[in-house]
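Asker: Structure provided below as structure tokens; questions to follow.
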Amino acid sequence: MAGAAGPGTGSGAAGGDGDDSLYPIAVLIDELRNEDVQLRLNSIKKLSTIALALGVERTRTELLPFLTDTIYDEDEVLLALAEQLGNFTGLVGGPDFAHCLLTPSGICHLGHEILAVLQKSCLQPPLESLATVEETVVRDKAVESLRQISQEHTPLALEAHFVPLVKRLASGDWFTSRTSACGLFSVCYPRASNAVKAEIRQHFRSLCSDDTPMVRRAAASKLGEFAKVLELDSVKSEIVPLFTNLASDEQDSVRLLAVEACVSIAQLLSQDDLEVLVMPTLRQAAEDKSWRVRYMVADKFSELQKAVGPKITQNDLIPAFQNLLKDCEAEVRAAAAHKVKELCENLPSEGRETIIMNQVLPYIKCPEVRLNIISNLDCVNEVIGIRQLSQSLLPAIVELAEDAKWRVRLAIIEYMPLLAGQLGVEFFDEKLNSLCMAWLVDHVYAIREAATNNLMKLVQKFGTEWAQNTIVPKVLVMANDPNYLHRMTTLFCINVLSEACGQEITTKQMLPIVLKMAGDQVANVRFNVAKSLQKIGPILDTDALQEEVKPVLQKLGQDEDMDVKYFAQEAISVLALA
């Protein structure tokens, strides 16, 4: 870019005739040619300032051709330029001159130096060139700006200037220009004449069968958007066959985008047309050999359900959903699991419960699917009622609680407070309490730790009286367990339960057990006793601290084990018992 001429460099330019008012503009223009990328980027971001100072005519005849030279710059500069040009219509004179951002104009008024540069490099208009560059984000931003500018064209100007640009891009030698064209058809089609509409549809059809997969991908991604602006007859006669072909493409990256287009197409057709024209292809996609395509069907399931309506959902989508819930790929099952709640909500109220109980819940076999149901329990509960839901889910909950994979067990523990709140204390005590206690002696430490924290949350939910009668006695029994790890779990539980249960229960029921465990044969248990006494000390009254806790900590402070001695002395210091 160094050495290129620009606005303000010839006769009558800023500074050339002593016009100091344009001096800052000359500085900005110089920055556009600077070797420092950051300076060029900063200048691009101030283009509107330059254009305002130059005025609309000089912006059209000098600044825009000059900017064309920037097409060979760094990607971040090009990205900023593409964004700026989308807001340039007012700066070139308004809608009547919007085409100047697409097509060179006023070239005869350019200075000789600029004209020579343009002729020598055979440069295209800025946005058209930006729509053909290699970097995807730059092309996307250029297309976004072109779409914005298209709305500011009159119908006459659109056909004279914008549509030819789209055709040039669609016929370009490089796939980059053809991919960009795909995003422009829908914005120019509605205001074009019938003859031009036919040409636009023809170009789009060609791109849908392009030899380059990237172009077919771009066309597939815009198929639904294009369908929305077409006449219904054209949708049935042209878009549906394109959808069918793209959904059968050899590239799964194209097929999955066709699934996305299916939502828009389905919204445009009648039930009869849907059943004949779309559903065979959609059923095929739900069973596609590529898990990525099946994943897309699962991911878009709620939108598809709304688009096709309740009758086709019942006949076609529910069976497909059952298969997705038990898919061989975990990602597909998980995507389907996330749609269970919305599937239930979108079913018609009449017959909803029957469909869910008979055609959805029985197919929830995989852990990630069931965990998702449980995580959305409050929402699903509103749809079918907690009693029936609990009876359906209870076997799944028990099975998950004993799953061989400890991360599955951990996940179900984390949902237990939610379950408790939904199911109520009576059902919880009868069906799930034993599970919570069993986790406390799990062979994986992370499970034991999570189970301990779970008890605290349950006490917060059900209250201290429930804790005193139901939980605390079971926890304290573990203090006599032969396994020292289980005895330590008792201490960990006391640490978290003491805060939730308060002074009276802690002093009368828990403290005696902790003090008794100070004589344990295992040093790890003894130093955890010291840590527990430090933890529950602030909850106890002064008498209990001085008469019961202090003597035990002093004895532990003389223990033969260095760790026990250290934690006991630390507890004495923290509790100020010295």
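The values are calculated or read from the model by the stated rules, or taken from the named source; none is laboratory data. As the structure is a prediction and not an experimental result, all values here were calculated from the model. Neighbour counts run over all protein chains shown; Cβ positions are idealised from the backbone, glycine included. The protein model used for the area step is the full one, side chains on, heavy atoms only, and it has no ligands, DNA or RNA in it. Shrake-Rupley method; radii C 1.70, N 1.55, O 1.52, S 1.80 Å.
Asker: Exactly one of these conditions fails for Ser532: (1) touching a Ser or Thr at 6+ places or on another chain (Cβ under 9 Å); (2) not in a helix (DSSP H, G or I). Give me its number.
Answerer: For Ser532, the failing item is (2).
Asker: So which helices (runs of 4 or more DSSP H) stay within the stretch 1-79 end to end and still have 2 or more residues that are at pLDDT below 80, more than 24 Å from Ala131 (Cα to Cα) and open to solvent by 60 Å² or more (accessible area, probe 1.4 Å)?
Answerer: 23-32
Asker: Let me ask something else about it. Between a residue in the stretch 150-167 that is in a helix (DSSP H, G or I) and any residue that is open to solvent by 60 Å² or more (accessible area, probe 1.4 Å), which pairs come within a Cβ distance under 6 Å, given they are 6 or more apart or on different chains?
Answerer: Every condition considered, the pairs that remain are Pro155/Arg191; Leu158/Arg191.
Asker: Would you mind finding the one in Leu242, Leu246 that is among the aliphatic types (A, V, I, L, M), at pLDDT 95 or above, open to solvent by less than 10 Å² (accessible area, probe 1.4 Å) and within 23 Å of Gly172 (Cα to Cα)?
Answerer: Step by step, each of Leu242, Leu246 is checked, and only Leu246 is among the aliphatic types (A, V, I, L, M), at pLDDT 95 or above, open to solvent by less than 10 Å² (accessible area, probe 1.4 Å) and within 23 Å of Gly172 (Cα to Cα).
Asker: So, one more: Is there any pair linking a residue in the stretch 507-530 that is touching a residue at least 24 places away in the same chain (Cβ under 8 Å) and buried (at least 20 other Cβ atoms within 10 Å of the Cβ) to one that is part of a helix (DSSP H, G or I) and acidic (Asp, Glu), with Cβ under 8 Å and at least six apart or on different chains, and which?
Answerer: Hits for this filter: Leu511/Glu548; Phe527/Asp563; Ala530/Glu570.
Asker: Which of the residues that make up the stretch 297-334 are touching a Lys or Arg at 6+ places or on another chain (Cβ under 7 Å) and touching a residue at least 40 places away in the same chain (Cβ under 8 Å)?
Answerer: Ala298, Phe301, Ser302, Leu325, Lys326, Val332
Asker: Confirm whether Gln388 is open to solvent by 20 Å² or more (accessible area, probe 1.4 Å), of a type outside the set (Lys, Arg), in contact with a helix residue (DSSP H, G or I) (Cβ under 9 Å, 6 or more places away or on another chain) and at pLDDT below 65.
Answerer: yes
Asker: Inspect all residues belonging to the stretch 219-236 and state whether any of them is in a loop (DSSP other than H, G, I, E, B), open to solvent by 20 Å² or more (accessible area, probe 1.4 Å), more than 21 Å from Phe175 (Cα to Cα) and without any contact (Cβ under 8 Å) to a residue 12 or more places away in the chain.
Answerer: yes
Asker: Any residue in the stretch 552-578 that's within 13 Å of Ala518 (Cβ to Cβ) and outside any helix (DSSP H, G or I): show its pairings with residues that are open to solvent by less than 90 Å² (accessible area, probe 1.4 Å) and among the aliphatic types (A, V, I, L, M) at Cβ separation under 6 Å, as long as the two are six or more apart or on different chains.
Answerer: From the stretch 552-578, the pairs are Gly557/Ala568; Asp561/Ala523.
Asker: For the stretch 123-146, name all the residues that are open to solvent by 60 Å² or more (accessible area, probe 1.4 Å), at pLDDT 85 or above and under 14 Å from Val166 (Cα atoms).
Answerer: If the condition is that a residue be open to solvent by 60 Å² or more (accessible area, probe 1.4 Å), at pLDDT 85 or above and under 14 Å from Val166 (Cα atoms), then Glu144 is the only one that fits.
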